[in-house]
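To start, the structure under review is shown below, and the notes come after it.
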Amino acid sequence: MYQVITVDDELVIRSGITNFINSEFEDFEVLHSFSDGAEAIEFIKANDIDIIISDIRMNHVSGIELAKYIFEHKPYIKVILLSGYREFEYARSALQYGVKNYILKPTNFSEFREILFKLKLELDQRQVKKDQVLFMDKIKLFYSNILSGKKQEAADTLLSVLEDVKDNSYANIGQYIYDLYEIILDKLNLYLKLQLSIDKFNLKQLLSQNSVQSLTYIALDILDRISGLLLNEEEASNEFLLQDIKEYMNEHLHEDISLQDVADKMFFSTVYFSRFFKKQTGETFSNYLLRIRMEQAVKLLEKNLKVTEISEACGYHDSSYFTRIFKEYYKYTPKDYARRFMSCK
């Protein structure tokens, strides 16, 4: 159910739009109506909604100002502006705030219906993407818990995935868990250099279960066997993982990489990756990244590259900012460092 608020200083218009939406659309619900944009802003500060339908001219805060606030604070909210014919060019100024939907007064409900159908499709697609992201986040958490030996936490995550898809048919739930384990085995083989095949764990049995209970039992058994195998591989596995992480960071040193980027690459949750990296290197991710960038900068200084070239190669696209960071790290600017230390070589 998508949630809507209406904003108009004319009660008749607010009521008409509210009644139209609540009676014509099963997927939309008008939660509240307001007579001014200021009231609407106070409401959305504390509440998440999907669509705002607002008149363009109101006594205190206009529809344009309301659209601007949404653009700056909650840009995921869809906005429909109502305007008179003479106000239409003024209404189009809201394009800079991402407003693409306008209805001319008096309201053409046929046109209104088409706009709402279009917005529903956009919201549906956004929800699908959101569900996919949440599903992948759970798989990353599942994977991270397996790697860190937290079998109970991994089991809890697995049960949570099963709960998420319980309304699907048994075959679909089995496919979800099969896909989950296929991804997990693929990542273990890629980053830990293991040879864990689908056949080794007989994943296909997940597809043939006719009850959630039996499916859950088999899924937990597979988790138990994977966890048992990793206990014997932990030390070597950590070395392989750390090697891959360092290689990736070195290869992408010229980019604006972050902890999130590297965690995603390694298919880790950010929390697990941060802890793993600190435990294995003795440094935080940010300190390590800074150190290897500065060491790379010195190597490039030795090749007589320009400061702008060195800055770009080390992932700093503002050479002034790079110079400031370099000076904070080495106590000298790049040019001073080169004159003081390179001339002696």
### Query
Under a 1.4 angstrom probe, counting protein chains only, how are Glu24, Glu114 ranked by accessible area, largest first?
Glu114, Glu24
### Task
Return the whole-Å distance between the Cα centroid of the range 222-293 and the Cα centroid of the range 7-75.
46 Å
#### Entry: Spatially proximal aspartates and glutamates relative to Lys129 (Cα-Cα < 15 Å; intrachain offsets below 8 disregarded)
Asp137
## Note on the structure
Per the 1/(1 + (r/R0)^6) rule, R0 = 45 Å and r from the Cβ atoms of Asp199 and Leu121, FRET efficiency to 0.05 is 0.60
## Note on the structure
SASA check, Tyr337, accessible area w/ 1.4 Å probe, all protein chains in place, rounded to nearest 10 Å², comes out at 40 Å²
### Message
Straight-line reach from Lys278: which aspartates and glutamates fall under 15 Å, measuring Cα to Cα and dropping same-chain residues less than 8 apart?
### Response
Glu239
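Take every Cα pair under 8 Å in the range 245-345 that's 6+ residues apart, average their separations, divide by the length, and report that relative contact order as a whole percent.
24 percent.
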### Query
Working out 0.36 nm times the residue gap between His73 and Asp164, then minus their Cα-Cα distance, what length gain in nm do you get to one decimal?
29.7 nm
### Task
Rank these residues by their accessible area, most exposed first, probe 1.4 Å: Tyr316, Tyr143, Tyr321.
Tyr321, Tyr316, Tyr143
### Query
Which part of the range 303-319 falls in the paramagnetic zone of Asp261, meaning amide N under 14 Å from the point 7 Å along Cα-to-beta-carbon?
312-318
### His73 accessible area, 1.4 Å probe, all protein chains in place, Å² to nearest 10
110 Å²
### Task
May I ask you to give the solvent-accessible area per residue for the chain, in square angstrom, as obtained with a 1.4 angstrom probe?
55 Å²
## Note on the structure
The correct ranking of Lys130, Lys303 by accessible area at 1.4 Å, largest first, is Lys303, Lys130
### Query
In this model, which of Lys306/Lys335; Lys100/Lys120; Lys78/Lys130; Lys166/Lys265; Lys45/Lys100 are farther than 18 Å apart at the alpha-carbon?
Lys166/Lys265; Lys45/Lys100
### Message
Let's test the formula: R0 of 56 Å, r as the Cβ-Cβ distance of Asn19 and Asp179. What FRET efficiency results, to the nearest 0.05?
### Response
0.80
### Summary
Mean Cβ-within-10 Å packing, highest first, puts peptides 38-50, 177-189 in the order 177-189, 38-50
### Message
For a quick check, take a GNM of the chain with Cα springs below 10 Å and name the residue from Leu301, Leu141, Leu215 with the largest mean-square fluctuation.
### Response
Leu301
## Note on the structure
Rounded to the nearest 10 Å², the 1.4 Å probe accessible area of Met136 is 70 Å²
### Message
Report the gain in length on full extension from Leu190 to Asp318: 0.36 nm times residue separation, minus Cα-Cα distance, nm rounded to one decimal.
### Response
42.5 nm
#### Entry: Residue of Thr157, Thr18, Thr270 that the Gaussian network model of the chain assigns the largest fluctuation, springs spanning Cα pairs under 10 Å
Thr18
### Summary
Taking Cα pairs closer than 8 Å and at least 6 residues apart, the relative contact order of the chain in percent is 9 percent
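For the pair Asn101 and Ala46, what calculated FRET efficiency results from E = 1/(1 + (r/R0)^6), where r is the Cβ-Cβ distance and R0 = 22 Å, to the nearest 0.05?
0.35
The values are calculated or read from the model by the stated rules, or taken from the named source; none is laboratory data. Note that the structure is predicted; figures quoted are calculated from it, not measured. As a convention, Cβ positions derive from the backbone with ideal geometry for all residues, glycine included, and neighbour counts pool all protein chains shown. For the accessible areas, the whole protein counts, side chains as well, though only heavy atoms, and no ligand, DNA or RNA atoms are used. Shrake-Rupley method; radii C 1.70, N 1.55, O 1.52, S 1.80 Å.
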